[in-house]
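Working notes, beginning with the structure itself.
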Amino acid sequence: MSTLDRAASPSSPDPRPTASSAPAKPVAARVWPIVVLVGIYWAVMLGLRLSDAPIYALFMTSMAASLGLLLLVCGWWLTNGTIPRRERVIGFLALLLGGIAAGVLCDPSVGPIGLIFSAIPFVLTVWAVWLVVARNRAPLRRVGLVVLTLGLWGFFTLVRADGIDGDNQAAVSFRWSPTREEQYLASLKNEQAAPPATDEAVALTAGDGDWPEFRGPNRLGEVHGVRIATDWTKSPPKELWRKRIGPSWSSVVIIGNRLFTGEQRGDQECTVCLDTANGNEIWVHKDTTRFTDGQAGAGPRATPTFHEGDLFTQGASGVLDCLDAATGKLKWTRNIATDSGAPLPMWGFSSSPLVAEGVVVAYAGAPGDKGLLGYRQSDGEQVWSAPTGVASYSSPQLATIGGQQQVLFFSDLGLMAVDQKTGAVRWKHDAASPNIWRVVQPRQLDSGGFLIGSEDLGLVRLEVTPDGDSWKTEQRYATRSLRPAYNDFVVLNGTVYGFDESIFCAIDVETGKRRWKSGRYGHGQVLLLADQPLLLVLSESGEVILVAANPEKHEELARMEAVHGKTWNHPVIAHGKLFVRNDEEIACYELQAAE
């Protein structure tokens, strides 16, 4: 056979490779969409931080962005034809079942909300990184994705959230480590317990220099008759005592040499009386109840109110007590949730009770006419109720307009005034924003001028005038230059000083225009020393900063670390002493007098 015939013979295999006989190259997985989605998510989060967005907007946007990222990634994954169907199903089931298991097994402080905020973005970001690394190695990619997914979900079952700060940043610990409250309860076992309350007659009356209620006299956050040294390198505050305390966001009340505040001790919500000289416990009253939430943690939120020898306390779960301030003996108790039918608020009952003309005013926030409740001071009998909005963490306070005393209250419906004796609504300014919580105290400027502030409204100036038998309200201006979240402001000589979200600033009272904005103190609180003039700022991290009350510029004079950890409680100055507390410790400093 010729060479040509052999070449043409069908039985002679062709040694040259053909396209059909070459091994198929694996198709690379298309992963750029998840990289883009994750990148967009983190860019949005960074933009929110840099924009100093309102807390409620940050909260809602963060949740929506996390859930949106989850839905988009799952949609892309399940329809990605460059990844084998079996691998897609396995990956999706690992993501879904791991998340469900984490939701069931995670610590209650983390819960579904914590998983939405933190776990979902974290898991999907690791997904994106792993898919980029292993996109061309299918077996490794598949096994690694399942292991990483289940491992990451598992991590979130091992940790505990110790609350979040004003910027929604969580503090995380391993769930088996003792909490600060547990450490405090252990330390109490080594301390001498306070003697039981007695019927000993001790006359307690409020005097000059005392701090009888939330934010001091008239709830203005002002100190008068005090001038302190501002050069803390030469004359620093002297620490007199410091001690652990149970979790609570209550401020303190000072009457003479006694300090009153709230705290949580396990399943008991407590009101404690301490000696201002050394911090020793004089008496403690306990109610068996506990409230906690993932953001703020456990404990009462409201500040006690001292009036005519009695102490009125409002617990986070609704218990309203009247105690003998000298002995801690219970005189009467009510539950505002039971009396009104109000649901438990997201962050607990937080309004400090107000006492006016023999009536104790407490905010419940129930629908209908059960918003504000009035109780007879002498025996706790309910005497009236008034309608309000259902979302507020502000406190009732007194105001006098046209010679008539009224009770102000600020809620998601706006600002209103009621008669303290009957609860009858006298006037209201509509500023409705349903279910947007209002926290900051209204401020009376003159007989009929008021400032109200919140994240959604900004700062609003109102004028209230008598109009025959009724009242007329008029909005003079609204400005977004000051957006107080839960940080009360102070006013001095035509200037408002307060927090625009987490940055301190000064606003002109007459025009609403910003004078300056500077000083990043987190979501802190401010106290005005009106006679100097001077601002004492307590930062969210527990630092005390002295700032000149200067409408022209931000001028920081001194600072020191007063307490450790997240601090949302209002500071107090009484009898030349500074009292600072947070959810884990309380400290007392002697302030040097100005020369």
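The values are calculated or read from the model by the stated rules, or taken from the named source; none is laboratory data. This structure is a prediction, so every number in the text was calculated from the model and none was measured. We place every Cβ from the backbone using ideal geometry, glycine too, and count neighbours over all the protein chains shown. When the accessible area is computed, the model is the full protein with side chains, heavy atoms only, and any ligands, DNA or RNA have been set aside. Shrake-Rupley method; radii C 1.70, N 1.55, O 1.52, S 1.80 Å.
Going by the structure shown, is Thr400 of a type in the set (Ser, Thr, Tyr), surrounded by fewer than 22 Cβ atoms within 10 Å (Cβ to Cβ) and more than 19 Å from Gln441 (Cβ to Cβ)?
Here the answer is no, as Thr400 does not meet what is asked.
Write out, first by first residue and then by second, each pair whose Cβ atoms fall under 6 Å of each other, whose residues are 6+ apart or on separate chains, and whose first residue, in the range 164-177, is under 15 Å from Ala119 (Cβ atoms) while the second is polar (S, T, N, Q) and open to solvent by less than 50 Å² (accessible area, probe 1.4 Å).
That search, which allows pairs on different chains as well, returns Ile164/Gln295.
Quick one: which residue in Pro112, Pro139 is in contact with a Gly (Cβ under 6 Å, 6 or more places away or on another chain), free of Cβ contacts under 8 Å to residues at least 60 places away in the same chain and open to solvent by 60 Å² or more (accessible area, probe 1.4 Å)?
Pro112
Considering only the range 234-310, give the strands (runs of 3 or more DSSP E) lying wholly within it that have at least 3 residues that are in contact with a strand residue (DSSP E or B) (Cβ under 7 Å, 6 or more places away or on another chain) and surrounded by fewer than 16 Cβ atoms within 10 Å (Cβ to Cβ).
Output list reads 238-244.
What residue, of Glu501, Glu555, Glu543, is in contact with a helix residue (DSSP H, G or I) (Cβ under 9 Å, 6 or more places away or on another chain) and either of a type in the set (Asp, Glu) or at pLDDT 95 or above (or both)?
The match here is Glu501.
Restrict the check to the range 205-219 and report whether at least one residue is in a loop (DSSP other than H, G, I, E, B), open to solvent by less than 50 Å² (accessible area, probe 1.4 Å), at pLDDT below 95 and in contact with a Leu (Cβ under 9 Å, 6 or more places away or on another chain).
No, there is no match, as no residue in the range 205-219 is in a loop (DSSP other than H, G, I, E, B), open to solvent by less than 50 Å² (accessible area, probe 1.4 Å), at pLDDT below 95 and in contact with a Leu (Cβ under 9 Å, 6 or more places away or on another chain).
I'd like the residue in the range 30-48 that is without any contact (Cβ under 8 Å) to a residue 40 or more places away in the chain and of a type in the set (Val, Ile, Thr) and, out of all such residues, is surrounded by the most Cβ atoms within 10 Å (Cβ to Cβ).
Going through the qualifying residues, I end up with Val44.
Out of the residues in the range 343-361 meeting the condition of being assigned to a loop (DSSP other than H, G, I, E, B) and within 16 Å of Trp384 (Cβ to Cβ), tell me which one is least open to solvent (accessible area, probe 1.4 Å).
Of everything passing the filter in the range 343-361, Pro353 is least open to solvent (accessible area, probe 1.4 Å).
Run down Gln382, Gln441 and say which single residue is at negative phi, open to solvent by 30 Å² or more (accessible area, probe 1.4 Å), in contact (Cβ under 8 Å) with a residue 12 or more places away in the chain and in contact with a helix residue (DSSP H, G or I) (Cβ under 7 Å, 6 or more places away or on another chain).
Gln382
Yes or no: Val496 hydrophobic (A, V, I, L, M, F, W, C), open to solvent by less than 10 Å² (accessible area, probe 1.4 Å), at pLDDT below 95 and over 27 Å from Gln592 (Cβ atoms)?
In short, no.
Can you pull out the residues in the range 317-342 that are open to solvent by less than 30 Å² (accessible area, probe 1.4 Å) and in a strand (DSSP E or B)?
Val319, Leu320, Asp321, Cys322, Leu323, Trp332
Across the range 158-189, what is the total count of residues that are outside any loop (DSSP other than H, G, I, E, B), closer than 18 Å to Gln295 by Cβ, open to solvent by 40 Å² or more (accessible area, probe 1.4 Å) and of a type in the set (S, T, N, Q)?
0
Considering only residues that are closer than 16 Å to Ile228 by Cα and at pLDDT 95 or above, which ones fall in the range 577-595?
Scanning the range 577-595 gives Lys577, Leu578, Phe579, Cys588, Tyr589, Glu590, Leu591.
Can you tell me which residues in the range 559-595 are under 24 Å from Ser352 (Cβ atoms), among the aliphatic types (A, V, I, L, M) and assigned to a loop (DSSP other than H, G, I, E, B)?
Once the filter is applied, which keeps residues that are under 24 Å from Ser352 (Cβ atoms), among the aliphatic types (A, V, I, L, M) and assigned to a loop (DSSP other than H, G, I, E, B), the range 559-595 yields Ala562, Val563.
Would you check which residues across the range 406-431 are open to solvent by less than 70 Å² (accessible area, probe 1.4 Å), polar (S, T, N, Q) and over 15 Å from Phe450 (Cβ atoms) and list them?
Of everything in the range 406-431, just one residue is open to solvent by less than 70 Å² (accessible area, probe 1.4 Å), polar (S, T, N, Q) and over 15 Å from Phe450 (Cβ atoms), namely Gln420.
Count, please, the residues in the range 524-558 that happen to be farther than 17 Å from Phe579 by Cα, assigned to a loop (DSSP other than H, G, I, E, B) and in contact (Cβ under 8 Å) with a residue 60 or more places away in the chain.
Matching residues across the range 524-558 total 3.
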